[in-house]
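Everything below concerns the one structure shown next.
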Amino acid sequence: MLYAYFLILIYCLLKALVYRSTGSWYTVKDEKGQFYNARIKGVFKIDDDITSTNPIAVGDEVTIEPENVTEGTAIITDILPRKNYINRQSPRVKHQQHIIAANLDQSLLIATLKDPRTSQGFIDRFLVVCEMYHVPAVIVFNKIDIYRDKEQEKLKELQEMYAALGYKVFRVSVEHKSGLDTLEALLKDRTTLVSGHSGVGKSTFINYLLPDQQIKTQTVSKWSGKGLHTTTFATMYDLPEGGRIIDTPGIRELAVTGLEREELSHYFPEMRERLHDCRYNNCIHINEPDCAIKEAVNNGHIHPDRYVSYLTILESINTKNY
């Protein structure tokens, strides 16, 4: 009798993918394409090294037990191992993390040099987070149609700098549908996180890819020059030609968490390849003698702006244990 019960239980369990999370309810899709509104059963034990405010994130693979087929509800019974994830500092609980999305093939950062301006510091923090969690990063500079000479010059410098580090860099105008063909091809058959400040054109870009979704967009605040939030929860969408994209709430600040100070340079590709040339294994590349990183900056082999970003992030890492 007990054996038969377990057979029935196993038969009822379905594998599903999380498409949307609102904190208490999740939209999931099973392998047959059926969507359910699902809730968690009990408390999940997740990876010991993750102190997260959300046990389940968009992109997670889970097992579900259908609860009410007519109403399309289910219970999430387990979360399957993640291949990777991207997180940020929780906006509500300072010392915990919030997982933005999981099981990603790549992450696409939409940046703008005007209306609103995305700082290089923010871009570099985003790249560090992607390097930490082994998610290939793509940088997309949007709104190139409104750039004046000084923005065009800065864009050329940034594009050359990041391309030299191995990052894919695109220049587009979503509004004018310019430069999007190659970018679309990059999304095919991949799960891609789309991120960036509010107002940079994330929702406009997704509306271009999925015109039937009619995702709400807003203009940049004339008073602050910053973007206005239009996406409240992370949501995943299926692309018509194959693949998925995950739309995320606009991120104004991005804190690098869960990292020791000596580890930071490992997530700057141009530094990582030179670390073995430093005299000290625990060199943090500030005042130590025979530092290969400082020498490379002085010789022009590491861009000074990237070194400034490194120092800024290093300063932000909690030093109370040192």
> Going through the stretch 26-46 one residue at a time, which ones are modelled with pLDDT of 90 or more and closer than 25 Å to Asp105 by Cβ?
Replying inline: Tyr26, Thr27, Val28, Lys29, Asp30, Glu31, Lys32, Gly33, Gln34, Phe35, Tyr36, Ala38
>> If a residue must be charged (D, E, K, R), at pLDDT 85 or above and closer than 14 Å to Lys202 by Cα, how many such residues does the stretch 238-254 contain?
In response: 1
> In the list Glu288, Glu260, which residue meets the criterion of being open to solvent by less than 60 Å² (accessible area, probe 1.4 Å) and among the charged types (D, E, K, R)?
Replying inline: Glu288
> What number of residues in the stretch 104-131 are over 11 Å from the mean Cα position of the chain (by Cα), closer than 20 Å to Thr257 by Cβ and not in a helix (DSSP H, G or I)?
Replying inline: 1
>> Among the listed residues Thr257, Thr192, Thr235, identify the single one that is over 20 Å from Tyr310 (Cβ atoms) and at pLDDT below 95.
In response: Thr235
> Within the stretch 263-312, which residues are β-branched (Val, Ile, Thr) and either at pLDDT below 95 or out of contact with any Gly (no Cβ under 9 Å at 6 or more places or on another chain) (or both)?
Replying inline: Ile284, Ile286, Ile293, Val297, Ile302
>> With the requirement that a residue be over 20 Å from the mean Cα position of the chain (by Cα), part of a loop (DSSP other than H, G, I, E, B) and among the hydrophobic types (A, V, I, L, M, F, W, C), what does the stretch 232-281 give you?
In response: Cys278
>> Just checking, does the stretch 47-61 include any residue being within 24 Å of Thr191 (Cβ to Cβ), assigned to a strand (DSSP E or B), at pLDDT 85 or above and not acidic (Asp, Glu)?
In response: no
> For residues in the stretch 291-315 being open to solvent by 40 Å² or more (accessible area, probe 1.4 Å) and among the aliphatic types (A, V, I, L, M), which is farthest from Tyr162 (Cα to Cα)?
Replying inline: Leu311
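Each row is one residue, and each column tells you yes or no for (1) open to solvent by less than 20 Å² (accessible area, probe 1.4 Å); (2) farther than 28 Å from Ser316 by Cβ; (3) in contact with a Cys (Cβ under 9 Å, 6 or more places away or on another chain); (4) not acidic (Asp, Glu).
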position	(1), (2), (3), (4)
Asp115	no, no, no, no
Gly121	no, no, no, yes
Glu131	no, no, no, no
Asn142	yes, no, no, yes
Glu153	no, yes, no, no
Glu184	no, yes, no, no
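The values are calculated or read from the model by the stated rules, or taken from the named source; none is laboratory data. These numbers come from a predicted model, not from an experiment. No Cβ is skipped: glycine too gets one built from the backbone with ideal geometry, and neighbour counts run over all protein chains shown. Keep in mind that these areas ignore ligands, DNA and RNA; they rest on the heavy atoms of the full protein, side chains included. Shrake-Rupley method; radii C 1.70, N 1.55, O 1.52, S 1.80 Å.
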